[in-house]
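Okay, so here's the structure we're looking at.
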Amino acid sequence: MKLAKKIALTTTAVAAAAAATLLGTTAVQAYSAQPARLPAVHAPAALAVPDGNELTGVYSAHGVQTYTCTDGAWKLLEPAATLSDKRDRAHRPVALHSRGPVWVSTVDGSAVNASAIATSPRDGAVPELLLKATATRGAGTFEGVTYVQRLDTEGGVAPAAACTGTDQISVPYSATYAFYKAAS
């Protein structure tokens, strides 16, 4: 009798947990499907995007800046970061950032390459940047991107000490990336 009661209670608990998970997923999907305003972007004047471009995406990034030893000094080798939509409470990845620099959407495969055209220093962090797109590919998130801002940087600074040989080191960093397209 006690075993049957335990099984019934366990079955009820499993059903309740499954329903809560389903409802939670549905709520997240509904949240993601709703058009939401993009978060505000605050950039130094030196990193202002030219008129005629509109903000189309704002993503938080967490990753590393990898440095390699070159002639006794640390030189940037590559960034590696995962971007998530700042509006998504679940913080699901929407893009990967790597050497190029390039950003590739994990949602639709679109990509943008860019080159830095302006910098703004940050104490204890890699500088904030304004980058101009040099190429895009694919339809979707990064289709037609014209400018990218790297803002709110934290960490990622190369070690101050000299290095030897071909050592490499990866330093954690975070930033906000804002993407712009030509206004329609």
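The values are calculated or read from the model by the stated rules, or taken from the named source; none is laboratory data. Predicted model, so just to flag it, every value in this text is computed and none were measured. Every residue, glycine among them, receives a Cβ derived from its backbone with ideal geometry; neighbour counts consider all protein chains shown. Only protein heavy atoms, including side chains, enter the accessible area calculation; ligands, DNA and RNA are left aside. Shrake-Rupley method; radii C 1.70, N 1.55, O 1.52, S 1.80 Å.
A Cβ distance below 9 Å, combined with a sequence gap of six or more or placement on separate chains, defines the contacts here; from the stretch 160-184, residues that are over 20 Å from Asp123 (Cα atoms) reach residues that are in a strand (DSSP E or B) and among the charged types (D, E, K, R) in the pairs Ala178/Arg150; Tyr180/Glu54; Lys181/Glu54; Ala182/Glu54; Ala183/Glu54; Ser184/Glu54. Can you confirm whether Val28 is modelled with pLDDT of 50 or more and either part of a loop (DSSP other than H, G, I, E, B) or among the β-branched types (Val, Ile, Thr) (or both)? Criteria not met by Val28.
Suppose we keep only residues that are among the basic types (Lys, Arg) and touching a strand residue (DSSP E or B) at 6+ places or on another chain (Cβ under 8 Å) within the stretch 88-136. Which one would you say is farthest from Val171 (Cα to Cα)?
Of the residues in the stretch 88-136, the ones among the basic types (Lys, Arg) are 89, 92, 99, 122, 132.
Those left that are additionally touching a strand residue (DSSP E or B) at 6+ places or on another chain (Cβ under 8 Å): 92, 99, 122, 132.
Details: Arg92: 23, Arg99: 15, Arg122: 16, Lys132: 25 Å.
This residue is Lys132.
Restricting attention to the stretch 56-86, the residues that are buried (at least 20 other Cβ atoms within 10 Å of the Cβ) and closer than 19 Å to Gly109 by Cβ total 6. Taken over the stretch 72-112, the criterion of being within 21 Å of Tyr147 (Cα to Cα), touching a residue at least 24 places away in the same chain (Cβ under 8 Å) and among the charged types (D, E, K, R) is satisfied by Asp85, Lys86, Arg87, Asp108. Within the stretch 89-101, is even one residue in a loop (DSSP other than H, G, I, E, B), open to solvent by 60 Å² or more (accessible area, probe 1.4 Å) and closer than 21 Å to Ala40 by Cβ? Yes, because at least one residue in the stretch 89-101 is in a loop (DSSP other than H, G, I, E, B), open to solvent by 60 Å² or more (accessible area, probe 1.4 Å) and closer than 21 Å to Ala40 by Cβ. Given the condition part of a strand (DSSP E or B), in contact with a strand residue (DSSP E or B) (Cβ under 6 Å, 6 or more places away or on another chain), among the aromatic types (Phe, Trp, Tyr) and crowded, with 17+ Cβ neighbours inside 10 Å, answer yes or no: does some residue in the stretch 140-151 qualify? Within the stretch 140-151, one or more residues are part of a strand (DSSP E or B), in contact with a strand residue (DSSP E or B) (Cβ under 6 Å, 6 or more places away or on another chain), among the aromatic types (Phe, Trp, Tyr) and crowded, with 17+ Cβ neighbours inside 10 Å.
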